[in-house]
Amino acid sequence: AIVGTYVPNSGADRKSPLKRLPYRTLCWDRDLYAQLLRTEKTYGSVIWLGDLNVARHDNDIYKPKVNIAGTTEEERFNLNWFIRETGWID
């Protein structure tokens, strides 16, 4: 199965940076990962692609900045946890 995903940004609003971070990390990521695992169970192999709106490591982006949308500890932790726990490959 091929799964194309646009993951919501955690927030780039200058007045309220990261205002969607709790939704992104506590709800969206969990629901998405559960759906990916159901898809894997149903179809076997899964290719997951799209705009995940997270840089797993500093070297994944040009001029990394700390604690902006896509680079927070919470976002990185969630994606790295999923990859580590499932054995999926980045």
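The values are calculated or read from the model by the stated rules, or taken from the named source; none is laboratory data. Note that this is a predicted model, so its numbers are computed, not measured. Cβ: placed from backbone, ideal geometry, glycine included. Neighbour counts: every protein chain shown. With ligands, DNA and RNA removed, areas are computed over all heavy atoms of the protein, side chains included. Shrake-Rupley method; radii C 1.70, N 1.55, O 1.52, S 1.80 Å.
Restricting attention to the stretch 21-44, report how many residues are polar (S, T, N, Q) and touching a strand residue (DSSP E or B) at 6+ places or on another chain (Cβ under 7 Å). The qualifying residues number 1.
Looking only at the stretch 43-66, count every residue that is on the phi > 0 side of the Ramachandran plot, within 15 Å of the chain's Cα centre (by Cα) and not in a strand (DSSP E or B) and tell me the total. Break it down stepwise before answering.
Residues of the stretch 43-66 that are on the phi > 0 side of the Ramachandran plot, as a first pass: 44, 50, 53, 63.
Subsequent filtering for residues that are within 15 Å of the chain's Cα centre (by Cα) retains 50, 53.
If we keep only those that are not in a strand (DSSP E or B) as well, we get 53.
Counting residues in the stretch 43-66 that are on the phi > 0 side of the Ramachandran plot, within 15 Å of the chain's Cα centre (by Cα) and not in a strand (DSSP E or B) gives 1.
Taking the conditions (1) touching a helix residue (DSSP H, G or I) at 6+ places or on another chain (Cβ under 8 Å); (2) open to solvent by less than 50 Å² (accessible area, probe 1.4 Å); (3) at pLDDT 95 or above in turn, residue 37 satisfies each one other than (2).
Against the list (1) open to solvent by less than 40 Å² (accessible area, probe 1.4 Å); (2) out of contact with any helix residue (DSSP H, G or I) (no Cβ under 7 Å at 6 or more places or on another chain); (3) of a type in the set (A, V, I, L, M), the condition residue 47 fails is (1). As a summary of the residue check, residue 25 satisfies the conditions (1) at pLDDT below 95; (2) in a helix (DSSP H, G or I); (3) of a type in the set (Val, Ile, Thr) except for the one numbered (1). Taking each residue of the stretch 44-65 that is closer than 23 Å to residue 33 by Cα and looking for partners that are open to solvent by 90 Å² or more (accessible area, probe 1.4 Å) with beta-carbon atoms closer than 6 Å, six or more apart or interchain, yields 47/2; 50/6; 51/6.
Which condition number does residue 50 fail, the rest of (1) in contact with a strand residue (DSSP E or B) (Cβ under 8 Å, 6 or more places away or on another chain); (2) within 19 Å of residue 13 (Cα to Cα) being met? Failed condition: (2). Selection of the stretch 70-82 for residues being of a type in the set (A, V, I, L, M, F, W, C) and open to solvent by 30 Å² or more (accessible area, probe 1.4 Å) yields 77, 81. Among the residues making up the stretch 3-29, those that are closer than 25 Å to residue 87 by Cβ, surrounded by 11 or more Cβ atoms within 10 Å (Cβ to Cβ) and in contact (Cβ under 8 Å) with a residue 40 or more places away in the chain are 3, 5, 7, 24, 25, 29.
Does residue 82 fit the bill of being among the aromatic types (Phe, Trp, Tyr) and in contact with a helix residue (DSSP H, G or I) (Cβ under 6 Å, 6 or more places away or on another chain)?
Working: among the aromatic types (Phe, Trp, Tyr): yes; in contact with a helix residue (DSSP H, G or I) (Cβ under 6 Å, 6 or more places away or on another chain): yes.
Considered against the rule, which asks whether it is among the aromatic types (Phe, Trp, Tyr) and in contact with a helix residue (DSSP H, G or I) (Cβ under 6 Å, 6 or more places away or on another chain), residue 82 comes out as yes.
For the stretch 50-64, what are the residues that are open to solvent by 70 Å² or more (accessible area, probe 1.4 Å) and in contact with a helix residue (DSSP H, G or I) (Cβ under 9 Å, 6 or more places away or on another chain)? Across the stretch 50-64, the qualifying residue is only 57.
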